[in-house]
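Novice: Quick one: the structure is below, questions incoming.
The values are calculated or read from the model by the stated rules, or taken from the named source; none is laboratory data. Note that the structure is a prediction, hence the values are computed from the model and not measured. No Cβ is skipped: glycine too gets one built from the backbone with ideal geometry, and neighbour counts run over all protein chains shown. Accessible surface areas use protein heavy atoms only, side chains included; no ligands, DNA or RNA. Shrake-Rupley method; radii C 1.70, N 1.55, O 1.52, S 1.80 Å.
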Amino acid sequence: MSGSTFVGMPAFPKAAHEAVGNTTLRANLRHATHTIRDKRAKAVAELDDWALLREAGKQIKDHTLRHLDTYLVQLEESVTAAGGVVHWATDADEANRIVTRLVKETGESEVVKVKSMATQEIGLNEALEEAGIAAYETDLAELIVQLGHDRPSHILVPAIHRNRGEIRDIFAKEMGQWGRPAPEGLTDTPAELAEAARLHLREKFLRAKVGISGANFMVAETGTLVVVESEGNGRMCLTLPETLISVVGIEKIVPTWRDLEVFLQTLPRSSTAERMNPYTSTWTGTTDTDGPQNFHLVLIDNGRTDTLADEVGRQALRCIRCSACLNVCPVYERAGGHAYGSVYPGPIGAILSPQLRGTASEIDASLPYASSLCGACYEVCPVAIDIPEVLVHLRERIVQGGPATRHGNRVVLKPAKGHAAERAAMRAAGWAFTHPGALRAGQRVASRTRRFHPRTLPGPGRAWSATRDLPQVPAEPFRDWWQRTHGDKESGK
């Protein structure tokens, strides 16, 4: 993986086509996503004011993003006053250099990690490995992915594409290579798998001197960082090591503790369908007698400022990584997370990755099309991100080109290759809709020649009509029907 792009990944259509043929993958995904979304619906229904909480979360995030410069400075001042050290990273490479240097300064050669999308985004594990530092994932699902030499395929449940039998085989084969081996005769029962992971990880928790985390939220007024989790591994990583390094995207900030209250109600219900996460850990700088004695906060941009400059696309930065959009998406359910070629899969990944990374690569140019635009993702989003709106916005950018911000500079993007026919069709449609006479004549010709229309489209359109019936043209245009049935009334006769 390079940065947040999986090396060698084809465009989404090809990757998805291959994934759809994997019946085991589809069965795993269907069972998991349906189970999670059904539980989520029940948890959300318990709150009469869910719609108000959703709107409050949206407003808080939008306000924060509009004043992000102010709140980031306040956060740095608060963290520094509490004994922490703040580092600023423009991109993934700079963030990796900072973290690698901080670990080397401790003299340690291994670290334990809390589940973190930001560190996956920048490829931190690979950067540490190149520097001779072993990074051990401690989240159960992340551990499964790491031991299986695999890639995460879901924001909340990275190993959602694995079933219990596959997990048992991975543990039995790989645990001994990474530390304490799996118990003899390990079965695929959840209790035994969890116990094997607990025994394997416990020795790492007790030995590690350096912990690395992300954060779900950062509170500007106090410099407090927050991690919510369900297993307790995060609590171990955040409290036992002597040095804690937190790598967080600049958009994860909220102004006050009162703002945090909203998200601590909406995030658990939208992600794990719980009223409250079993473990909600908060830490503010350092203290002499409790927790790590050294705390470093690495704030990463890595395309977020560019995204912020886009008035339509910036709403993606509201995302609180609940993964609700993945669990209701019919495309994700069938294609799985790996097809998206990013650590951010599903609908949110389809709008976030092309903005953070740009649309120059084949995979990023295809992601805005990885959707049926059904709108289910928008309906479940706890911060009301209109994902379909952003998808259409990005499609227009890819097909038409136009102004955008990359690396802090305003640039004019060229239209992507492979969309000439689409561009021509859209321009023709635009011309027709602005010339009523031509539109009326075209409609009449289409209606009168309807019996000669093909049942499938030629050329590139064949891929669309191969699985769909072409809509039949009406016997007469709507304009003619209206004139025939209502014309006398409008003329006053």
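Novice: Given that compact globular proteins tend to follow 2.2 N^0.38 Å, what is the ratio of the alpha-carbon Rg of the range 133-178 to that value?
Specialist: Normalised Rg, Cα atoms only: 1.07.
Novice: Take the eigenvalues of the Cα gyration tensor for the range 32-105, scale each by 5, and report the square roots as semi-axes in whole Å, largest first.
Specialist: Taking √(5λ) for each eigenvalue gives 36, 21, 12 Å, largest first.
Novice: Counting other Cβ atoms within 10 Å, which GluC sites (Glu not before Pro) in the range 251-344 have at most 10 and lie in a DSSP loop?
Specialist: Those satisfying the criteria are 311.
Novice: What accessible area per residue comes out for the range 199-316, rounded to a whole number of Å², with a 1.4 Å probe?
Specialist: Solvent-accessible surface per residue comes out at 36 Å².
Novice: Please give the solvent-accessible surface of residue 478 in Å², to the nearest 10, using a probe radius of 1.4 Å with every protein chain present.
Specialist: Per-residue accessible area (residue 478): approximately 140 Å².
Novice: Can you compute the charge dipole magnitude of the range 364-476 about its Cα centre, using +1 on each Lys and Arg Cβ and -1 on each Asp and Glu Cβ, nothing else charged? Give it in debye, rounded to the nearest 20.
Specialist: So the magnitude is around 640 debye.
Novice: Using Cα-Cα distances under 8 Å and only pairs 6 or more residues apart, what relative contact order does the chain have, in percent?
Specialist: Relative CO of the chain lands at 19 percent.
Novice: Here is a further query. Leaving out ligands, DNA and RNA but keeping every protein chain, what accessible area does residue 482 have, in Å² rounded to the nearest 10, with a 1.4 Å probe?
Specialist: 90
Novice: If you average the alpha carbon positions of the range 14-29 and of the range 321-357, how far apart do those two centres end up, in angstrom?
Specialist: 15
Novice: So if each residue of separation counts as 0.36 nm, and I subtract the Cα-Cα distance between residue 479 and residue 85, what length gain in nm does that give?
Specialist: Length difference between fully extended and current span is 135.0 nm.
Novice: Taking a spot 7 Å from the Cα of residue 282 along the direction of its beta carbon, which residues of the range 45-65 have an amide N less than 16 Å from it?
Specialist: Those under the cut-off are none; the list is empty.
Novice: For the range 40-132, calculate the relative contact order in percent as a whole number, restricting contacts to Cα pairs under 8 Å that are 6 or more residues apart.
Specialist: The value is 20 percent.
Novice: Can you give the charge dipole size of the range 224-292 about its Cα centre, rounded to the nearest 20 debye, using +1 on the beta carbon of Lys and Arg and -1 on the beta carbon of Asp and Glu?
Specialist: Roughly 240 debye for the range 224-292.
Novice: Once the Cβ-Cβ distance between residue 49 and residue 77 is put in as r, and R0 is 41 Å, what FRET efficiency do you end up with, to the nearest 0.05?
Specialist: 0.75
Novice: So, for the range 1-120, what is the accessible surface per residue at a probe of 1.4 Å, expressed in square angstrom?
Specialist: 52
Novice: What is the percent carbon and sulfur in the accessible area of the chain, measuring with a 1.4 Å probe over the protein chains and ignoring ligands?
Specialist: Taking all protein chains in place, the chain shows 53 percent carbon and sulfur surface.
Novice: Relative to the present Cα-Cα distance, how much length would full extension add between residue 396 and residue 465 at 0.36 nm per residue of separation?
Specialist: Extra length available between residue 396 and residue 465 comes to 22.6 nm.
Novice: Find how much the distance from residue 22 to residue 439 grows on full extension, using 0.36 nm per residue of separation minus their present alpha carbon separation; answer in nm with one decimal.
Specialist: In short, 145.5 nm is gained.
Novice: While we're here: In µm²/s, what is D for the range 362-420 at 4 °C and 1.567 mPa s, where D = kT/(6 pi eta Rh) by Stokes-Einstein and Rh is the Kirkwood radius from Cα pairs?
Specialist: For the chosen part, D equals 102 µm²/s.
Novice: Quick check: Cα centre of the range 258-318 to Cα centre of the range 161-183, how many Å?
Specialist: Taking the Cα centre of the range 161-183 as reference, the centre of the range 258-318 is 31 Å away.
Novice: Considering the dipole of the chain built from charges on the beta carbon (Lys and Arg +1, Asp and Glu -1) around the Cα centre, which of 409, 435, 84 is farthest to its positive end?
Specialist: 435
Novice: Pop a pseudo-label 7 angstrom from the Cα along the beta-carbon direction at both residue 429 and residue 486 and give the gap in nm to one decimal.
Specialist: With each label placed 7 Å out from Cα toward Cβ, I get 2.4 nm.
Novice: Now, a different point. List, largest first, the extents of the alpha carbons of the range 390-493 along their principal axes, each in whole Å.
Specialist: On the principal axes, the range 390-493 reaches 65, 38, 22 Å in Cα extent.
Novice: Using the Cα centre of the chain as the reference point, and only Cβ charges (+1 on K/R, -1 on D/E), how large is the resulting charge dipole? Debye, rounded to the nearest 20.
Specialist: Roughly 2660 debye for the chain.
Novice: What is the Cα coordinate range of the chain on the first, second and third principal axes, sorted by size from largest, in whole angstrom?
Specialist: 91, 54, 46
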